Amino acid sequence: MAKTYRVTAGTRMINRVFHTMTRFGIGKGYRHILTVRGRKSGRLYATPVDVMSAGGGRWVVAAYGVGDWVRNARAAGEIGLRRGGRSESVRVVELGPEESVPVLRQYLREVPVTRAYFDVTQESTDEAFAAESAGHPVFRIEPLA
């Protein structure tokens, strides 16, 4: 059974550390700061996320489940991504279950720290990964038109 992500004082502190490191371009290259406008408040919210890249495409994975950034990104349809001194505004399109499978497999391979939050392993079937996408949505990153 997968762990449930809980926001505690410790996780807030870790997120602040990763936020600062990522802002300066330190740490894993896939880590970015995602900024999205709140669907109710209209305020900007920022959280560290992992961006997967393969074959010229990029995706952001909701490793800890459907949280506020996911709901806000669904409502807004666009997010900001920042790493080091570079920032960009992009459109996000949520993938369907079957499309999510290769991205989720890559994510589990490359970001081992989040594996405990998933009910699948690298040996799981494609069907199991597709079912997992309901709890860990994947968004394709596209340039703004």
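At a Förster radius of 22 Å, what calculated FRET efficiency corresponds to the Cβ-Cβ distance of Ala9 and Ala75, to the nearest 0.05? Let's see the in-between values first.
Details: r = 29 Å, r/R0 = 1.30.
According to the calculation, E is roughly 0.15.
Could you tell me which of rounded, prolate or oblate describes the range 1-81, using a ≥ b ≥ c as the square roots of the eigenvalues of the alpha-carbon gyration tensor, with rounded for a/c under 1.5 and, failing that, prolate when a/b is larger than b/c and oblate otherwise? Before the final figure, lay out each step's value.
Working: a/c = 1.24, a/b = 1.03, b/c = 1.21.
Rounded.
Taking amide H positions as placed 1.01 Å from N in the peptide plane, with prolines and chain starts having none, which residues 5 or more places from Gly25, or on another chain, fall under 5 Å of its amide H?
Gly84
Rounded to the nearest 10 Å², what accessible area does Tyr30 have for a 1.4 Å probe in the complete protein model?
40 Å²
Can you compute 3J(HN,Hα) from phi for each residue in the range 79-84, using the Karplus curve 6.51 cos²θ - 1.76 cosθ + 1.60 with θ = phi - 60°, rounded to whole Hz and x for Gly and Pro?
In residue order, the calculated couplings are 9, x, 10, 9, 7, x Hz.
For the chain, build the charge dipole from Cβ charges (+1 Lys, Arg; -1 Asp, Glu) around the Cα centre, then report which of Leu34, Gly84, Tyr64 sits farthest towards its positive end.
Gly84
Placing unit charges on C-beta atoms (Lys and Arg positive, Asp and Glu negative, everything else neutral), compute the dipole magnitude of the chain about its Cα centre in debye, rounded to 20.
Computed about the Cα centre, the dipole is about 980 debye.
For the range 85-145 and the range 7-25, compute the distance between their C-alpha centroids and round to whole Å.
Between the Cα centres of the range 85-145 and the range 7-25 lies a distance of 21 Å.
Kindly write out, for the range 113-119 in residue order, the coupling ³J(HN,Hα) from the Karplus curve 6.51 cos²θ - 1.76 cosθ + 1.60 (θ = phi - 60°), rounded to whole Hz, with x marking Gly and Pro.
So the Karplus estimates, Gly and Pro as x, are 5, 9, 4, 5, 8, 10, 9 Hz.
Could you order the peptides 127-136, 18-27 from most to least packed, using the average number of other C-beta atoms within 10 Å per residue? Intermediate values should be presented prior to the final figure.
Values: 127-136: 17.2, 18-27: 14.5.
My ranking of the peptides, most packed first, is 127-136, 18-27.
In nm, to one decimal, how far is the Val113 label point from the Arg91 one, both placed 7 Å along Cα→Cβ?
Using points 7 Å along Cα→Cβ, the separation is 3.2 nm.
Provide the per residue accessible area, probe 1.4 Å, for the chain, rounded to a whole number of square angstrom. Don't jump to the answer; show the numbers that get you there.
Details: 8150 Å² over 145 residues.
Heavy-atom accessible area per residue stands at 56 Å².
So I have [x] 12, 45, 37, 5, 0; [y] 11, 42, 38, 8, 0; [z] 12, 38, 31, 13, 5, 1, 0, and one of them is P(r) over Cα pairs in 10 Å bins from 0, in percent calculated from this model. Which one is it?
Only one listed value fits the structure, namely [y].
Over the chain, what is the mean sequence separation of C-alpha contacts under 8 Å (at least six apart), divided by residue count, expressed as relative contact order in percent?
On the way: 243 pairs, mean separation 39.2, N = 145.
Contact order relative to length: 27 percent.
The values are calculated or read from the model by the stated rules, or taken from the named source; none is laboratory data. As the structure is a prediction and not an experimental result, all values here were calculated from the model. Every residue, glycine as well, gets a Cβ built from its backbone with ideal geometry; the counts of neighbours run over all protein chains shown. Accessible surface areas use protein heavy atoms only, side chains included; no ligands, DNA or RNA. Shrake-Rupley method; radii C 1.70, N 1.55, O 1.52, S 1.80 Å.
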